[in-house]
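Visitor: This is the structure I want to talk about, given as structure tokens.
All of the numbers you see were taken from the coordinates with simple rules; none came from a lab. Quick caveat, the model's predicted, so the values are computed rather than measured. Please note: Cβ atoms are built from the backbone with ideal geometry, for glycine as well, and neighbour counts cover all protein chains shown.
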Amino acid sequence: MRGSFDPPVFVLWFALTVWIAGFDLVYACQDVAFDRAAGLHSIPARFGIKPALDLAKLCHLLTVAAFALLGWVMGLGILYWVGVLVVAALLVYEHSLVSPVDLSRLDVAFFNVNGYIAVILLAAVLAGRYVYEDRMLSRARHARAHPASATAPTRRASSAPCSRASPGATT
């Protein structure tokens, strides 16, 4: 245990926070009438369903951006990026299922789509990490097999004095 967090931890925390906030905003839209009657100050009750759904879209856009940043920071492989694209498409699909005038498919958007997103993202992270680890192991094997190519080229030491004369020097 090191007692510190690496940047990917914070990126993942942010991604999950805005993802949860986004789908919670979508889900809260069904309770507007109750929230207003009970004096609750939810975002959909206070600002309306359309602004709540727009804010959920922004949250999910930030989610995808954070997942992309996570993949870049961690150097995750192509399988991760495919997973992020699928997650982005599912979030677009989730938002297509609900509208300010029709929340009838909210349960599908909330429960089903988010369940798929969670499983796909887990698989993408594991696959991306596996490809990353495999790439690192391949590089290590290559470095052991070809030690000369593993280091940066170095300047050869020469016993001869510098061939360039300094200004004003006589030869």
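Visitor: Taking the Cβ of Cys29 as the centre, find all other residues whose Cβ is under 15 Å away and add up their charges (Lys, Arg: +1; Asp, Glu: -1). Could you put the intermediate results ahead of the total?
Guide: On the way: positive: Arg36, Arg46, Lys50, Lys57, Arg105; negative: Asp24, Asp31, Asp35, Asp54, Glu94, Asp102, Asp107.
Residues close to Cys29 contribute a combined charge of -2.
Visitor: Can you work out the Karplus-derived ³J(HN,Hα) for every residue in the stretch 25-32? Use 6.51 cos²θ - 1.76 cosθ + 1.60 with θ = phi - 60°, whole Hz, and x for glycine or proline.
Guide: After applying 6.51 cos²θ - 1.76 cosθ + 1.60, I find 4, 4, 5, 5, 5, 6, 9, 4 Hz.
Visitor: Sticking with this one: Give or take rounding to whole Å, what are the principal axis extents of the alpha carbon atoms in the stretch 9-118, in descending order?
Guide: 50, 25, 18
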